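Okay, structure first, notes after.
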Amino acid sequence: MMSLQTLADRVDTAAHTANAIAQLTDEVPGLTVEDAYAIQALSMKRRYARGEARIGVKMGLTSRAKMIQVGVDEVIWGRLTDGMRLEEGATLSRANYVHPRAEPEIAFLLKAPLAGEVTAAEAMAAVEAIAPAIEIIDSRYQDFKFTLPDVVADNSSSSGFILGTWFAPDTPIDNLGILLEADGRAVQVGSTAAILGHPVRSLVAAARMVARAGEALKPGDIILAGGATAAHPLSVGMHMRAVFQNLGSVGITVTE
Ligand code: OOG
Ligand code: MG
């Protein structure tokens, strides 16, 4: 069996250089989800060594639309760094990605730690603010095709995110309409209710899953709840905008 470090080096280099690779499970069919989270942790160590800092986590495959699009039906998580954050209204350079896609999400900002089994009420009590967001995902695997261990090892396709305006934590987010627009044309329509029935359930899952890895969600952490709709591919020149009922919009323009 290939060492987990070798596989971590491989996914990290693919992300760092924006080059597609074959699925790890092509070569290591027995790769477990546990191995995959260990590979993710090792690959993130390389990013931290390059100067990036962990600033939160992202949850993935928390809606049916997302599970169906990628053919994996388990909730997953990955780590977010300051290097992945893009400013609202800024540009994204297509050259830095393999095959980027955008998806509308809800972001939580924490004011208190969260770890292990917590209730939805306990999770909400730890929230400082809520924002609309776009996540940029970019699988490092050829053709955006992967199995569950592959995507987990690849930091759950994390590659960028853009946050809109922060709102008070008691802002209702259980069923807000969402429109994802590419150059002003609606490409996805959905609701925050698609995220596990309520985005707070994703925060509850984050507390549990991150604790299983021996870590905790900390004050100041940003947690992305997962795409409410299928993701849409980004191309050069495109203006991508997500419009959220009551929460405003978040946008990004793609350059070469
Ligand atoms: C995996 C990451 C999923 C989400 O919000 O569901 C994700 C992928 O689709 O490549 O970020
Ligand atoms: Mg996502």
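Every number in this text was worked out from the coordinates using simple rules, so none of it is lab data. The structure presented is a predicted model; accordingly, all values stated were derived computationally and were not measured. Don't worry about glycine lacking a Cβ; one is built from the backbone with ideal geometry, like all the others, and counts go over all protein chains shown.
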Original post:
Excluding same-chain residues fewer than 8 positions from residue 218, which lysines have a Cα within less than 25 Å of its Cα?
Top reply: 45, 58, 111
**OP:** Please report the Cα spread of the range 1-103 along all three principal axes, rounded to whole Å, starting with the longest.
**Re:** 45, 36, 24
**OP:** Would you mind computing, in nm to one decimal, how far apart the modelled labels at residue 121 and residue 90 are, each placed 7 Å from Cα along Cα→Cβ?
**Re:** 4.0 nm
Original post:
GNM, the chain, Cα, under 10 Å: largest mean-square fluctuation among 93, 202, 191?
Top reply: 93
Original post:
R0 = 30 Å: FRET efficiency of residue 49 with residue 186, Cβ-based, nearest 0.05?
Top reply: 0.10
**OP:** Would you tally the net charge around residue 254, using a Cβ to Cβ cut-off of less than 11 Å, leaving residue 254 out, and scoring K and R as +1, D and E as -1?
**Re:** -1
Original post:
What is the range 130-256's relative contact order, in percent, from Cα pairs under 8 angstrom and six or more apart in sequence?
Top reply: 28 percent
**OP:** Return a whole-number percent for the relative contact order of the chain, with Cα pairs under 8 Å and 6 or more residues apart as the contact set.
**Re:** 28 percent
**OP:** Would you mind giving the three semi-axes, in whole Å and largest first, of the ellipsoid equivalent to the chain according to its Cα gyration tensor?
**Re:** 26, 22, 16
Original post:
How far, in nm, would the chain grow between residue 6 and residue 236 when pulled straight, counting 0.36 nm per residue and subtracting the alpha carbon separation?
Top reply: 79.5 nm
Original post:
Which value, in Å to one decimal place, does the Kirkwood hydrodynamic radius take for the range 127-233 when every pair of different Cα atoms is included?
Top reply: 15.4 Å
